[in-house]
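Engineer: Okay, here's the structure, questions in a sec.
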Amino acid sequence: MTDLINAILNRASQPRLTSPGPGRELLNQALACAARAPDHALLRPWRFLVIEGEGLDALGEVFASAVDDPREPLDADREKLRSMPRRAPMIIVGICSPKAHPKVPEVEQVMSAAAGLGYLLLALESAGFGAMWRTGSVAHHPAVREGLGLDAGERIAGFIYVGSVTTPKPAVPRPRPDELVSNWPA
Ligand SMILES: Cc1cc2nc3c(=O)[nH]c(=O)nc-3n(C[C@H](O)[C@H](O)[C@H](O)COP(=O)(O)O)c2cc1C
């Protein structure tokens, strides 16, 4: 088994995170891993925001603003939304920025962004940090997209919460490959 296979098989999302988050050098390496995602026509259909410190409170305000948004009032607890970003010392927002291309439909660009976030998680986890990919109703709300400065065609692929693990998550049952895989033709 390679180190990489071992790291992937033993990875788990970690919801309970605290300071410190990763330093600049590791963060840059992890973001470089995200940018190694398979990318049809090399469109680079992704970008990232790194949010820390008071930026997390600003993000909480943006989340809370969705409750009163007249376009799409979000039926959620305002205070809970406001405090959500403080569940970790760092949040990396993965943004899919689809580019118009005759051979690369938007869905392929969204998949590329998602693959990159998977690599980002693996890089951070293999360096000893905990991380968790979250979205929730806020990720697709116009007040949040606008508050984070997304262009009209951009979408939030995920909020990657990152930090040091406080209490590791209990083991999650994993599917066996034979439950998911069949030969074709049978
Ligand atoms: C696109 C996407 C969005 C997700 N959003 C949430 C979320 O908002 N809240 C949550 O608890 N888990 C969310 N998850 C699931 C967790 O990130 C995690 O994968 C799941 O808890 C299983 O844990 P594991 O990664 O250890 O298998 C999301 C996963 C993906 C791929």
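Read-outs throughout are calculated quantities, based only on the coordinates presented, and are distinct from any laboratory measurement. These figures come from a predicted structure and were not determined experimentally. A quick note on method: Cβ atoms are made from the backbone with ideal geometry, for glycine too, and the neighbour counts reach across all protein chains shown.
Engineer: Could you work out the local net charge near A114, counting Lys and Arg as +1, Asp and Glu as -1, over the other residues with Cβ closer than 13 Å to its Cβ?
Structural biologist: Its environment carries a net charge of -2.
Engineer: While we're looking at this one, here's another question. Between H140 and A58, what length comes free when the chain is fully extended (0.36 nm per residue of separation minus the Cα-Cα distance, one decimal in nm)?
Structural biologist: Here the answer is 27.8 nm.
Engineer: If you take every residue apart from A64 with its C-beta less than 12 Å away from the C-beta of A64, what net charge results, scoring Lys and Arg +1 and Asp and Glu -1?
Structural biologist: -3
Engineer: If you don't mind, another one. Can you figure out the FRET efficiency of D3 with R44, using R₀ = 25 Å and their beta-carbon distance, to the nearest 0.05? Walk me through the intermediate numbers first.
Structural biologist: Working: r = 28 Å, r/R0 = 1.13.
Efficiency, from the Cβ-Cβ distance: 0.35.
Engineer: Helices from the chain with mean Kyte-Doolittle at least -1.0 and a Cα length along the axis of 24 Å or more, per DSSP H: which?
Structural biologist: What comes out of the filter, once short or polar helices are dropped, is 106-126.
Engineer: Write out the chymotrypsin sites (Phe, Trp or Tyr not before Pro) in the stretch 14-108 meeting two conditions: DSSP loop, and at most 16 other Cβ atoms within 10 Å of their Cβ.
Structural biologist: Sites meeting the loop and neighbour criteria: none at all.
Engineer: When the Kirkwood radius is taken over all Cα pairs of the chain, what Stokes-Einstein diffusion coefficient follows at 20 °C and 1.002 mPa s, in µm²/s?
Structural biologist: In µm²/s, the coefficient is 121.
Engineer: Same structure, new question: Exposed loop sites here are trypsin sites (Lys or Arg not before Pro) in DSSP loop states with at most 16 other C-beta atoms within 10 Å. What is the longest stretch of the chain lacking them? Don't skip to the end; give the middle numbers.
Structural biologist: Details: sites that count: R11, R16, R36, R71, K99, K103.
With a cap of 16 other Cβ atoms within 10 Å, the longest stretch comes to 104-186.
Engineer: Taking a virtual spin label 7 Å from the Cα of A114 along the C-beta vector, which residues in the stretch 151-186 bring their backbone nitrogen under 18 Å of it?
Structural biologist: Zone members listed by number: 154-161, 175, 180-181.
Engineer: Projected onto the charge dipole of the chain (+1 at Lys/Arg Cβ, -1 at Asp/Glu Cβ, origin at the Cα centre), which of A34, S126, V110 gives the Cα projection farthest towards the positive end?
Structural biologist: Final value for the positive-end residue is S126.
Engineer: Let me ask something else about it. K169: which aspartates and glutamates have alpha carbons under 15 Å from its alpha carbon, excluding same-chain residues fewer than 8 sequence positions away?
Structural biologist: Candidates past the 8-residue exclusion: E125.
Engineer: Would you be so kind as to identify which of S137, V162, F48 lies farthest towards the positive end of the dipole of the chain, taking Lys and Arg as +1 and Asp and Glu as -1 on Cβ and the Cα centre as origin?
Structural biologist: The one lying farthest along the dipole's positive direction is V162.
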